[in-house]
Amino acid sequence: MRLLLLFCGLFFFGQLGAQTLPQLDSLQQQQLRQSDCYVLADSILLDSLWVLPGSLHWRGQPLADSLYRLQGSYFFPKGELLQQDSLCLSYKRLPLPIHRRRERKDRRLLQPKMQLGEDIVLGQSYGYQVQRQGGKEGDLKGLDYNGSFARGISLGNQQDLILNSSFNLQLAGEVGGVEITGALSDNNIPVQAEGNSQELQDFDRVFIKFKVDEHYLLAGDYDLEQPKNSYFLNHFKRLQGGQIGSSGQLKSGAKWGGQGSFAISRGTFARNSFMGQEGNQGPYRLEGNDGEQLLIILAGSERVFIDGQQLERGSDRDYTIDYNLGEIQFTNKVLITKDKRIQVEFSYSDLEYLRSIAAINGHYEDKKWGLRFFHYQEQDAKNQPTNPLSDSAQASLSRAGDQTAQIWGGQSINEADGLSGLVAYQLIDTVVHGISYDSVLVYASSNASDSSFYSVSFRAVSQGGDYIREEGQINGSVYIWIAPDPITGQSRGQYAPLRLLKAPEKKQLSEISSYYNIGERGQLMANLAISQEDLNRFSNIDNEDNQGLALRLSYQQELSLGYRLKVDSQRVDTLRRSLGINAHYEQLSTNFKTIEPYRNREFSRDWGLDSSSSQEQLFWLDLNAQQQGLGNISYKLSGLLRDSSQNWQQSASLQLQHKGWELTGQGSYLSQSNSQFWRPRLQLGYRFQKGLRISAYYEEENKQQRINGDSLAANSFQYQLYRFSAELPTTEQFSLKLSASQRLDRLPLAETLVDVTLAKEAQLQGHWQMGPKQNLSFNLNYRQLMVLDSSLSSQDPKNTYLGRIAYDAQWKKGLIKWQTIYELGAGQEQKYAYNYLEVDQGQGTHIWIDRNENSIQEQDEFEQAPFQDQANFIQLRVLTGEFVRANQLAFNQSIDIDPARLWRAAKTGPKSWLKKISSRSIYKMERKTLAQEELAAFNPFELDIADSSLLSISSNMSNALYWDRRGRKFRLILQQSDSRSKRFLNLGFDSQRKTSYSFSSWWQIKPFIRLETAAQLAQNENRSDFYSQRNYLLDSWEVSPKLSYLRGSDLRLSLYYRQKDSENRLGIEKAQLQELGLEGKWFSSKGKRRNIRMKLSWVELQYEGEENSPSQFALTEGLQTGSNFLWTLELQQALSKFLQLSISYEGRKTGEAKMVHLGRMQLRAIF
């Protein structure tokens, strides 16, 4: 499909098709973004489109703001990045060209209205007229387009030839009367957009659309939503394929239209329903339809509901979601408790089979009546599975019918390929407690030639598991066999070597809808639908329940109850007083299945239904009376006949307003054969003349189901909720809302309901603009849960604090800028592990060092690659599914003091000196601790928390003092930084801490001579609970002077020296590094269309200590003892305004190692 879209786009510009990059493994998709490698330069053009700020990653980690400056797509490295030979950066892009002017309207098209032939209105003497730029066939003047096209190669004596290709094109406009919009690309972006904002940028959406009048053709990625006016057919699908649509109007005034979609589905629909946990904001893990844990959710496909109310996505809204990990977390605006009913609907990537979708709909509408037709079909291609099925697997599926099929999870490994990088198993026989067991899988630690090896997939099972997961140091998950209980014979494990076989499915739904208008305000509607669902296309078993029918009849009428006015000798009904009538009948056969649920999310709970399928008849009569200026009142009688059971529900609602008083309420009563469900809600409020509003709210749910006459069933319950609130009117300067509530829950004990838990809540939220440049906003929540009867409740008493306070201010024309954000909450932290996946040489972030030479990849043998051409592994975070409850605290503080903003014009006196002094302090911290009551949980400056309480922490503190920060003659900087991190891994904690004190100066001695000096004292600490060999504490000092010769802005030659002495205080390792280097940069004076950069350095390294240790790798920076030589050369040439050529060569000779050469070349066209 993407190649087809590329052909369509290239057809307009006469280009050749581009090579599609291979798509990475689904696990790799969790780590990578669009990535390229660049030779280091003062400025680097990353892309033809704008790079999204904050999305830059280096070596798999977010790139600190202090290490670079980003302007559009131009990247300016700083700090330690300047010491690198090359940079491999990952980033996201915005579809905005960096070389084109962007404006909503062209001011050149503003003309006097007299010239446009329009009437002149006072104050509106100019008009705006778009001039179509169509023209003869082949004329593209009306088409606005931008993008880039690039080809590149990379080769060296340590890696194979690598071909790089990219193509991006955005276009919009009109050609020959055809409107064209599109976004074309051959880059496979393997990650979903970030789910922390309300609006998402679809980086991987590729499409082209042609439209003429009311007819259109679309090809590529698009969304297929529920057709308008359908009732039973509900769906939201993200597709890749084609869509065609047309509509029009007949001479009689009747309207017609139709649409057809034929595509490949990008995901499968799933719905997760679960109860919230007391005081736990998340993250909550989402699962697939078959219990899948590793999900990639399609960005923007989710819909989240709490107690039936839909929430909004965004860090400033209700929730955020990690599409690549399948986790959802709720913000401080939504307090999660044990009583919250959470439902999440989403589509996730399901690659078991190629799934095709066909959807057709059409309509004909007249003034009096209308007819619509809808058809939807999706089916899996059973001859195109992602993983080929063996004959035995297909046979298992054919015997399974609609039931789940499983097979043994082992697959033979070719011994010639070896076991390096694989978790392989052997089959053995063993004896435990005198009992013989055969075909036991054990981990294969060596490649023995007399045995067969298997790659095995294990599945968590509720019973019958004989394996447990071992928390070891092997790269990958290892499962070990545990013998059954020798007395009872029951299995004692949680996993079994099983592979779940997913059967290819087929779903189809056709619906006919019609309506007939009765008078001006009446309508009769009818819907008839037929469904077909085959859960296993390999099997004919259980096919008798595949088809189902559904019918819906509806009548709506609005009647006037007087107040008819006379206008132009005709009486006109103003509907100031009216009565609405709504009658509904719906019937479903037992086997009727929809594509996605079409009823409201609380339907089953409203009617007390289970999930079993049965024949249903639903009907209701709804009467609604309203009077303008007063309010409305309604009554509804409903019935649900399900098999032999009869369920009746009565509900009423009212909404009245009069002289400042507001009364709203609703209630329902459900009567079943042996139970009743009563739910009243009532709110009374009063708004004072000055805007203050106070209100009282009452809510109750009371369900009582009797068994054996008098005893209450276990699902009986009752709760009563009281809430009081006061709210001031909202203005731009001030808002304030205060509320307090209490909820009492009761559960059954014999024949009565008894008090079980009591919860009290208080909330304070608002904002205050304290001045023109001072803002304070806050949202604070407190909840206390008390357990009144511990025999009936598994909950523990708990106090929950949740809130956010933000304050920003400026004083004295920006002399002081202050920003503070404090967030407090509760959630859970998941244990996770790291695995490493091998990729092509130079395309990863890590290297493997077989320290014990056993040919087995172990967790502590992977290090970050010091040189990009060595990197052939990427680091993957593997989730364990084990969660620990935690308190969460986040704190951001920045203070910027710059007297130059206040005394910029001062030339003499103390102010002229004081304005040269400035400072900047930044402190960021995120911390998760075990749930505790100590005050330390609220203190953002408390970092030395005991390991027994601390789960994870990430903090970064930096302070900088500047002298003449903007000076052209001399600058001076004193800096202090302290960064700490601690991670909650499956084998224990892993923590790092880096502290440094540095001094740097910049002195322009002459216009052509510059001296730069830097000195630093640093400490680098690493701690690991499981891998003791990774514990080290490195002290180092470093000095690096640099002398530069400048000739205008065209030529720069620099001679520099660097010396660094380091030692490990926890061991015997010591290292001294001395580097002498020469740098040169030359820019062509004519338009700077050509530039050449070179760097040559000699590094003498002396090392004492244990060889091949992690501390040695950290001390030596990947170099070898003795002399090391490194050199780079880069040429960038602008062949034309839109064509760029880049050629680079780098090499190194480290110690006794073989000399390494690496060359790259790329040609990029920007249009």
- Query: If you take the beta carbon distance between Q384 and K911 as r and set R0 to 56 Å, what does 1/(1 + (r/R0)^6) give as a FRET efficiency, to the nearest 0.05?
  - Reply: 0.15
- Message: What whole-number distance in Å separates the alpha-carbon centres of region 790-846 and region 377-401?
- Response: 44 Å
- Put in order of increasing Cβ neighbours within 10 Å, starting from the fewest, K1042, K915, K1070, K690 give K690, K1070, K1042, K915
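Can you tally the net charge around R552? Count Lys and Arg as +1, Asp and Glu as -1, for every other residue whose Cβ sits under 11 Å from the Cβ of R552.
Values: positive: none; negative: E511, E586.
Residues near R552 contribute -2 overall.
Which entries in K798/K924; K507/K636; K333/K593; K228/K502; K916/K1006; K1006/K1060 show an alpha-carbon gap greater than 25 Å?
Numbers: K798/K924 29 Å; K507/K636 35 Å; K333/K593 37 Å; K228/K502 33 Å; K916/K1006 21 Å; K1006/K1060 29 Å.
With Cα atoms farther than 25 Å apart: K798/K924; K507/K636; K333/K593; K228/K502; K1006/K1060.
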- Net lengthening on full extension, S612/F688 (0.36 nm per residue, minus Cα-Cα): 22.2 nm
- Item | L1076-V787 pseudo-label distance in nm [points 7 Å out on the Cα-to-Cβ vector] | 7.4 nm
- Can you tell me the Rg and Dmax of region 997-1132, counting just the alpha carbons, in angstroms? 18.7, 60
- Task: For n ≥ 4 DSSP H runs only, could you compute -39500 (n - 2.57) per run for the chain, divide by its residues and tell me the 222 nm figure to the nearest 500?
- Result: -1000 deg cm²/dmol
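Counting only C-alpha contacts under 8 Å and six or more residues apart, can you give the relative contact order of region 651-770 as a whole percent? Before the final figure, lay out the partial values.
Numbers: 292 pairs, mean separation 20.0, N = 120.
Once divided by the residue count of region 651-770, the mean separation gives 17 percent.
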- Note on the structure: Here the alpha-carbon Rg of the chain over 2.2 N^0.38 Å rounds to 1.08
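If I take R0 = 60 Å and measure r between the Cβ atoms of I707 and V1039 in this structure, what FRET efficiency does the formula 1/(1 + (r/R0)^6) give, to the nearest 0.05? Each step should come with its number before you reach the end.
On the way: r = 84 Å, r/R0 = 1.39.
After rounding, the FRET efficiency stands at 0.10.
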- Could you please state, rounded to a whole Å, how far the C-alpha centre of region 268-309 is from the C-alpha centre of region 602-653? 28 Å
- Over region 269-349, what is the mean sequence separation of C-alpha contacts under 8 Å (at least six apart), divided by residue count, expressed as relative contact order in percent? 49 percent
- Note on the structure: Relative to the chain, whose Cα atoms define the longest principal axis, helix 2-11 and its Cα axis are tilted in degrees, nearest 10, by 80 degrees
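What does the C-alpha gyration tensor say about the overall shape of region 271-356? Classify as rounded when a/c is under 1.5, otherwise prolate if a/b is larger than b/c, or oblate. Walk me through the numbers on the way to the answer.
On the way: a/c = 2.09, a/b = 1.78, b/c = 1.17.
Here region 271-356 falls in the prolate category.
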- Message: If I fit a long axis through the Cα atoms of helix 391-400 and take the longest principal axis of the Cα atoms of the chain, what angle between them do I get, 0 to 90°, rounded to 10?
- Response: 30 degrees
- Cβ density ranking, 10 Å radius, fewest first, applied to I162, I296 yields I162, I296
- Please say if region 957-1052 is rounded, prolate or oblate, where rounded means a/c under 1.5 for a ≥ b ≥ c the square roots of the C-alpha gyration tensor eigenvalues, and otherwise the choice is prolate for a/b larger than b/c and oblate otherwise? prolate
- Query: List the aspartates and glutamates whose alpha-carbon lies under 17 Å from that of K1149, not counting same-chain residues fewer than 8 positions away?
  - Reply: D85, D869, E1075, E1100, E1117
- Message: Please rank T488, T800, T664, fewest neighbouring Cβ atoms within 10 Å first, as an exposure proxy.
- Response: T488, T664, T800
- Sticking with the crude label model, points 7 Å out along Cα→Cβ, report the distance from N540 to R317 in nm, one decimal please. 5.0 nm
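Rounded, prolate or oblate: which fits region 760-850, taking a ≥ b ≥ c as square roots of the Cα gyration tensor eigenvalues, rounded meaning a/c under 1.5, else prolate when a/b beats b/c? Present the calculation step by step, with values, prior to reporting the outcome.
Working: a/c = 5.13, a/b = 1.13, b/c = 4.52.
Since a/c reaches 1.5 but b/c is at least a/b, the shape of region 760-850 is classed as oblate.
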- Item | Cα-derived Rg over Rh, computed across region 444-549 with Rh taken as Kirkwood radius | 1.35
- Using 1/(1 + (r/R0)^6) with R0 = 41 angstrom and r between the beta carbons of L161 and H215, what's the FRET efficiency to the nearest 0.05? 0.30
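Please give me the summed charge of the neighbours of E214: other residues whose Cβ is under 12 Å from its Cβ, Lys and Arg +1, Asp and Glu -1. The partial results should precede the final answer.
On the way: positive: K211, K255; negative: E179, D213.
Neighbourhood net charge equals 0.
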- Task: Could I have the simple spin-label model distance between Q774 and S644, label points 7 Å from Cα toward Cβ, reported in nm to one decimal?
- Result: 7.5 nm
- Message: Per residue of region 838-854, what does 6.51 cos²θ - 1.76 cosθ + 1.60 with θ = phi - 60° give for ³J(HN,Hα)? Whole Hz please, x for Gly and Pro, Karplus curve as stated.
- Response: 6, 10, 5, 4, x, 9, x, 10, 10, 10, 10, 10, 6, 5, 9, 6, 9
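Could you work out the relative contact order of the chain? I mean the mean sequence separation of Cα pairs under 8 Å and 6+ apart, divided by the number of residues, in percent.
Numbers: 2942 pairs, mean separation 68.9, N = 1167.
Result for the chain is 6 percent.
Rule-based calculations on the coordinates, nothing more; no lab input. Since the model is a prediction, treat every value here as computed from it, not as a measurement. Quick reminder, even Gly has a Cβ in these numbers, built from the backbone with ideal geometry, and neighbours come from all protein chains shown.
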